Each structure stands twice: as structure tokens, then as C-alpha cells.
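These notes are about the structure you will find just below.
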Amino acid sequence: MGLATFVAPRTRGWSGARAAIEEYVEEQQRHHRRALGLGQQAAATGEEREPMHD
């Protein structure tokens, strides 16, 4: 078992890290959509759809 099981990790001051992670996720989603051709499809139809999740 890890130490975090017994002692809660500090999360104060993580707003900068959160913003960086969110930016990275958005970039990866754009990259994946482009690779799948979903960005071109949305531009052609003029609508943006939410990705499907299982």
C-alpha cells in the first residue's frame, strides 16, 4: 500500500498544473480528431458533436 493511503497528498497550489493538464488534454483531443478526420467532418456539416463514450 502506498503512503497516500494513510496521508492525504497536498493539493494546494496545483492550479497551474491543472491548467497545463487541461491544455494538454485539449491538444491531444484535437490531434486525435484530426487523425480520425472528425474535424473535417464537423467543418463540412457546420456542427460539432460530442465524442461517443462506452
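The values are calculated or read from the model by the stated rules, or taken from the named source; none is laboratory data. Here the structure is a predicted model, which is why all the values come from computation and not from measurement. Positions of Cβ are backbone-derived with ideal geometry, glycine not excepted, and every protein chain shown enters the neighbour counts. Side chains included, ligands, DNA and RNA excluded: accessible areas come from the protein's heavy atoms. Shrake-Rupley method; radii C 1.70, N 1.55, O 1.52, S 1.80 Å.
The table below lists the values:
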| quantity | calculated |
| --- | --- |
| Test result for Ala44, at pLDDT below 80, open to solvent by less than 100 Å² (accessible area, probe 1.4 Å) and either outside any helix (DSSP H, G or I) or of a type in the set (A, V, I, L, M) (or both) | yes |
| The lone exception for Arg10 - which of (1) out of contact with any helix residue (DSSP H, G or I) (no Cβ under 6 Å at 6 or more places or on another chain); (2) in a helix (DSSP H, G or I); (3) modelled with pLDDT of 80 or more it fails | (2) |
